[in-house]
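Colleague: Have a look at the structure that comes next, please.
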Amino acid sequence: MLTKKKKIIVLVAMLLLLVVTGTLNIILNNSTEEASSDLNVDYSSSSFFATCRTDRTATRNESMDYYKQILNNESSSQEAKANAEAQINSLIEAISIEYSLEGLIKAKGFGEALVNYSSTYINVIIQSSELTEMEVAQIVEIIQSGTERDIDYIKIIPIQ
């Protein structure tokens, strides 16, 4: 057993650690708040587009891995394998179309562009505070020529 003197030493040491931890917590929280207030993050800048692309790629990679696991699993039915193969082909087609459309939009002189393509809709996010009717028409023309999709399924979103 610990003697009374040792118990007091342990208790004082723990109290000192608690005080040091609390002090460090306050100091670090204040410096973090100052740093975050100095940053003034602009979510409509290029970082927004980079983050969206990274998230999109990560999500697609997870989906691809899932479908590849189905294809490589010997216990998967032929129907499941055929469905997985179709989904992989669909993802590859969407990736190809998105990259192509983003490149064409940028080639027309627009800033950053992010295209999300699916079998039912196409969302286009453009780095611009405001788009004129002519600019919207140009973007729609690019999308329709690349996808033969009706304008009802195309949504253009400008962000600053």
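Colleague: Could you give the dipole magnitude of the chain about its Cα centre, charging the beta-carbon of Lys and Arg +1 and that of Asp and Glu -1, in debye to the nearest 20?
Modeller: In debye, rounded to 20, the chain gives about 1500.
Colleague: Also: Given a cut-off of under 8 Å on Cα pairs at least six residues apart, what relative contact order in percent is computed for the chain?
Modeller: Taking the mean separation of contacting Cα pairs over the length of the chain, I get 17 percent.
Colleague: Follow-up question, since we're still on this one. Can you give me the angle between helix 46-72 and the longest principal axis of the chain, using Cα atoms only, in degrees from 0 to 90, rounded to the nearest 10?
Modeller: 80
Colleague: Roughly what angle does helix 78-107 make with the longest principal axis of the chain, taking Cα atoms, 0 to 90 degrees, to the nearest 10?
Modeller: 80
Colleague: Counting only helical runs of four or more DSSP H residues, what would the 222 nm mean residue ellipticity of the chain come to if each run contributes -39,500 (n - 2.57) and the total is spread over all its residues?
Modeller: Mean residue ellipticity at 222 nm (helix-derived): -24000 deg cm²/dmol.
Colleague: Among the lysines, which fall within straight-line cross-link reach of residue 68, defined as a Cα-Cα distance under 22 Å, with same-chain neighbours fewer than 8 residues apart omitted?
Modeller: 81
Colleague: I've got another one for you. Have a look at the DSSP beta bridges in the chain and tell me what percent are antiparallel, nearest 5.
Modeller: In the chain, DSSP labels about 45 percent of beta bridges as antiparallel.
Computed from the coordinates by the stated procedures, all read-outs in this text should not be read as laboratory data. Only a predicted model underlies this, so the values are computations on that prediction, with no experimental measurement involved. Using ideal geometry, Cβ is built from the backbone for each residue, glycine included, and neighbour counts are taken over all protein chains shown.
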